[in-house]
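No lab work stands behind these numbers, since they all come straight from the coordinates. Predicted model, so just to flag it, every value in this text is computed and none were measured. Note that we place each Cβ from the backbone using ideal geometry, even for glycine, and neighbour counts take in every protein chain shown.
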Amino acid sequence: MSNVRVRFAPSPTGGLHLGGIRTVLYNYLFAKKNGGEFILRIEDTDQTRYVAGAEEYIMECLQWLGLEPDESPAKPGAVGPYRQSERKAASIYQQYAEQLVREGHAYYAFDTPEELETMRQQYRSDTNPSPQYDHRVRAAMRNSTSLDAKTTQRLLDEGTRYVIRIKMPENETIGFTDMIRGEVNFETGLVDDKVLLKADGMPTYHLAVVVDDQLMGITHAFRGEEWLPSAPVHVLLWKYLFGLDAMPQWAHLPLILGPNGKLSKRDGAKYGFPVFAMNWTDAKTGELTEGFREKGFLPEAFINLLALLGWNDGTEKELFTLEELSAVFSMDRVHSAGAKFDYEKARWFNHEWIKKTDNETLVTLVLPLLEKEGVTVTDNSLATQAIASVKDRATLLPDFIPQVSFFFRAPISWDLAAVKPKWNTDKEKFFQVFVEELDATPDFQSAFIEEAFKKTAALQNIKPGELQLPFRIMLVGGKFGPPVFDIAAIIGKSETISRIRTALKAFGE
Ligand code: GLU
């Protein structure tokens, strides 16, 4: 396949949801797999839904994940502008809407909001609770199909506000082949006469998506399943404006399901997991919705888990790099049924990816988190060793904070309840001798420390098992952390000795 061009076409209305990022990912993977181009088009024609900062947020998400578009508002190619609001300035859409009117596929509708409301009330019934503007009511409304040509012209000349609506055929079956679902057919008579051009001259999504996909040379269009009901309108627009042969191949991606059906933003707060890619703060309400990035997910893990929400390579393999995915991804292995999001499984992916990530990269991710907690790290090699020693135990990046902080600052309090009941002068004596042993050694390796520990214990006639917990609490403050001799080796001789001495005082009081 050549000349593949796909697009992600978000409306900048807020945070990017898991499903949105999965759409980005599938677009990106399909483009890479087929040697094509991945385009970002910002669909910002609905001024009432426009949210400041949302476009920058989208760009930052893509950057964080390394899913950077080949063409975008920030990196325009030959078919710009890449923001629909800027394309409108060239009145591209108006021209196509007028063409549809001339050819009898669309019409001017002059109905006021009050007239629309009257129609809804008039036609509302038990079997039709929300009447639509369609072929059944069209003739009774104020539009260029019901009015004579002269009246229509007069209204236009007088500058009456109008919208342009598609004239859905009364009795046609229209269909297309979805790359995931196969043949999909619709009865056009069941679909309403959707607005194509609004009174402010802006196109609606329906017109813009068709015109832009054509003018931007899009060959394949992947979007969420929620757009399937609009597909008959788009297919007809393709047929009327550019011909069905020019239409991109469509794939409607399955929903991502939460614990109770469609995964919503509210599910996140309710079940304690993120739903957005990155933190998003609603400027109006100040409400913060947590993101996977801030929760401590690695981009590699996030990509990996999203790829498998609705797709697999036909084997049991679960861990994939972006490169591996780019090599094996195919749309025909995407399931049509909704994919259930499992947060525990998401955490598992992150844990696996933390283990796979090299220590230096983890250091750059963990140090800022430590700094925020007031833990200063000056020794990078100490940081690398500390992180390496606990990475098998971390699921999310913030897990590193309690797991490594003690490497950089000595405990100021100890779990005395765990030590005191079994503490005695023999044990105190052991540590005094052990400190001397440690002080005398030039070779401060974990194996040597352990050997010295056991030897001293044997000489003092104490089981080493009884001494390990106090030793750990001396170095760490609590009952956690990696093997205690490793901790000693990593923090070094003088720090180990100083921590033992300080703790001995506290234990003896
Ligand atoms: N602007 C639409 C959205 O925000 C895009 C749908 C599509 O990809 O065609 O979901």
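Based on alpha-carbon centroids, what's the gap between region 373-437 and region 270-304 in Å, whole number please? If we compute the Cα centre of each part, the gap is 31 Å.
Across region 151-194 the C-alpha pair distances fall into 5 Å bins from zero in the proportions 5, 18, 15, 13, 14, 11, 9, 6, 6, 2 percent.
Dipole check for region 1-104: with +1 at the C-beta of Lys and Arg, -1 at the C-beta of Asp and Glu, and the Cα centre as origin, the magnitude is about 280 Debye.
Annotation: lysines with alpha-carbon distance below 20 angstrom to Lys420 (same-chain offsets under eight excluded): Lys429, Lys463, Lys479, Lys505.
With the charge dipole of the chain set up from +1 on Lys and Arg Cβ and -1 on Asp and Glu Cβ about the Cα centre, the Cα lying farthest toward the positive end among the listed residues Ala52, Gly224, Gln432 is that of Gln432. Among Arg120, Arg154, the ranking by other beta carbons within 10 Å of each residue's beta carbon, starting with the fewest, stands as Arg154, Arg120. Where both bridge residues fall in the chain, DSSP classifies roughly 55% of the beta bridges as antiparallel. Once C-alpha pairs closer than 8 Å and six or more residues apart are averaged by separation and normalised to the residue number of region 1-155, the relative contact order reads 18 percent.
The dipole here belongs to the chain: it is taken about the Cα centre, uses +1 on the Cβ of Lys and Arg and -1 on the Cβ of Asp and Glu, and is about 820 debye. Determine the sum of side-chain charges near Ile39: Lys and Arg each +1, Asp and Glu each -1, restricted to other residues whose C-beta is under 11 angstrom from that of Ile39. Net of charged neighbours comes to -1. With the helix formula -39500 (n - 2.57) applied to DSSP H stretches of n ≥ 4, the chain reaches a computed 222 nm mean residue ellipticity of -14000 deg cm²/dmol. In the chain, a dipole from Cβ-located charges (positive for Lys and Arg, negative for Asp and Glu) runs towards its positive end, and of Asn34, Ser494, Thr188 it is Ser494 whose Cα lies farthest in that direction.
Would you mind checking the tilt of helix 464-476 against the longest principal axis of the Cα atoms of the chain, expressed as 0 to 90 degrees and rounded to 10? Once rounded, the angle reads 60 degrees. Rounded, prolate or oblate for region 198-306? Axes are the square roots of the Cα gyration tensor eigenvalues, ordered a ≥ b ≥ c, and the cut-off for rounded is a/c under 1.5. Judged from the Cα gyration tensor, region 198-306 comes out prolate (a/c at least 1.5, a/b above b/c).
Residues whose amide H comes within less than 5 Å of that of Gly224, counting only those at least five positions distant or on another chain, are Leu253 (H built at 1.01 Å from N in the peptide plane). Taking Lys and Arg as +1 and Asp and Glu as -1, the other residues whose beta-carbon sits under 13 Å from that of Trp227 total -2. Where does the Debye-calculated log10 I(q)/I(0) of region 111-233 sit at q = 0.12, 0.20, 0.21 Å⁻¹, using only Cα point scatterers of equal weight, no solvent? Log-scaled intensity ratios, in q order: -0.57, -1.29, -1.35. Cα-based radius of gyration for the chain, normalised by 2.2 N^0.38 Å, reads 1.37.
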